[in-house]
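Colleague: One structure follows; several queries about it will come next.
The values are calculated or read from the model by the stated rules, or taken from the named source; none is laboratory data. Everything numeric in this text was worked out from a predicted model, so none of it was measured. Every residue, glycine as well, gets a Cβ built from its backbone with ideal geometry; the counts of neighbours run over all protein chains shown.
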Amino acid sequence: MVPASSLPETLTALVAAFALGLLVGWLHRYSVPDRVIPVSLRGALAMLPVVSTMVLIVIGDSLARSFALVGALAIVRFRTRLSSTWDITFVFLSLAVGIGCGVGRVEVAIGGTVVAFLATLTIGVLPGTRPQANAKVVRCDVAAWQCGDAKLTPIINRFCSQSSLTSTRSLRFGETLSLTYQVFLNDEAEVEAMVRELAAVEGVARVVALSGGIEGDDGPG
């Protein structure tokens, strides 16, 4: 039980952590307006500061408690994979806010959140970092002996202002190749026509178009 003398400070730290966590979650949502954010991630960004604040308050200056807590947390297995480095950055920001509140440096947590807010706004307006419209990831699974990049690129270039082959993977013991492109469509409405033309190429088994730029590395916007 928290001693009466430290209860107000504890409650202040926890409330501040939750308020800043909500702000971090909103900032993340603001930075990627065109993406569907999982409810679990939005909730985690708000709750992680509270949890990390509680952990640090419980540990305090006790070395024994810190070792006991590490042992207890070692049995936890997190199986959710964050596919975006931008999302991971905000998870770390959320944890840092909680750590700041937990060690009694609420002003550092507030200052860090404000600077992160300004940094996110700046990143969004700097040349070369502004999100480009109509960003897609196009993944084509093709028969290795019938089709390849040389047949697909001319079709992609007709529909896109920019395109880049970002990865090539071998499937089914080399019988199938999975080619992944980052593209920027000339017109969002043409994505279906592009997919149809790609799928009609001899040797193409499947075509998938995903929104959000580079697969697994969605940045701001």
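Colleague: Out of Leu23, Leu11, I need the residue that is modelled with pLDDT of 85 or more, surrounded by 18 or more Cβ atoms within 10 Å (Cβ to Cβ) and among the aliphatic types (A, V, I, L, M). Which one?
Modeller: Answer to the check: Leu23.
Colleague: Could you name every one of the helices (runs of 4 or more DSSP H) located completely within region 102-221 that has at least 1 residues being within 19 Å of the chain's Cα centre (by Cα), modelled with pLDDT under 90 and of a type in the set (Gly, Ala, Ser)?
Modeller: Those helices (runs of 4 or more DSSP H) span 106-125.
Colleague: Is it the case, given these coordinates, that Ala72 is among the small types (Gly, Ala, Ser), modelled with pLDDT under 80 and either in contact with an Asp or Glu (Cβ under 6 Å, 6 or more places away or on another chain) or not in a helix (DSSP H, G or I) (or both)?
Modeller: So Ala72 fails the test.
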